[in-house]
Amino acid sequence: MKIYSISQLARLFGLSRSTLLYYDRIGLLIPSARSKAGYRLYTRNDYDRLDQICTFRNTGMALADIKKMLASENAPSVKILENRLWEIGQQIADLKGQQQVIIRLLKEMTSDVYGPVIDKQMWVKMLQAAGMDESAMMKWHAEFESRSPGAHHDFLLSLGISEIEAKDIRCRSRRLVDR
């Protein structure tokens, strides 16, 4: 059976010795044995457990949750993963909000350099000047939505439209396509 020293195991996973010492201290990864000199020794089972720990850490999961995951049956594990997925969704939404603020600030700060920014009002006026009525504009949105939903969403937000209004336009566009 393969036995790993703390340094060997740490190196295999790209971790520091102090990380493994900490995992031992909190009971997350306790070595299976000790040498006569008191050095920590890890088995293949310990290696596999550390592999699971690293997989869970790559999700951004807290060590306390990882400990629960490894100690529990499927039901609590599923709940922990669902909670983490929800947290990530919230973080993504927060980041998208921050992204929109930065885009708006960049537009404001560079409008003198690049000319006026096209907003919703200007876009609607240009489409009307091209002869499009409300129905034709919705057909245009429906076509955009069916061809590239993500780009359509980004385009709407670039016009300064709120997230709620953009979702509403996209929803109405999808209904038009589904008819």
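Every number in this text was worked out from the coordinates using simple rules, so none of it is lab data. Computed from a predicted model, the values in this text were never measured in an experiment. In this analysis, Cβ positions are derived from the backbone assuming ideal geometry, glycine residues included, and neighbour counts consider all displayed protein chains.
Things worth noting here:
- Where only DSSP H runs of four or more residues are counted, the chain gives -24000 deg cm²/dmol as its mean residue ellipticity at 222 nm, each run worth -39500 (n - 2.57).
- Selection of trypsin sites (Lys or Arg not before Pro), segment 75-178, meeting DSSP coil and at most 14 other Cβ within 10 Å: none
- Exposure proxy for 123, 140: other Cβ atoms within 10 Å of each Cβ, ordered fewest to most, give 140, 123.
- Between 0 and 90 degrees, the angle of helix 44-57 with respect to the longest Cα principal axis of the chain falls at about 20 degrees.
- Amide N proximity, segment 49-67 versus residue 92 label position 7 Å along Cα-to-Cβ, cut-off under 20 Å: 56-62
- Fully extending the segment from residue 100 to residue 26 would add 22.6 nm, taking 0.36 nm per residue of separation and subtracting the current Cα-Cα distance.
- Full extension of the chain between residue 8 and residue 34 yields a length gain of 7.9 nm, computed as 0.36 nm times the residue separation minus the alpha carbon distance.
- Remark: relative contact order (the chain) = 13 percent; criterion is Cα-Cα distance under 8 angstrom and separation of 6 or more residues.
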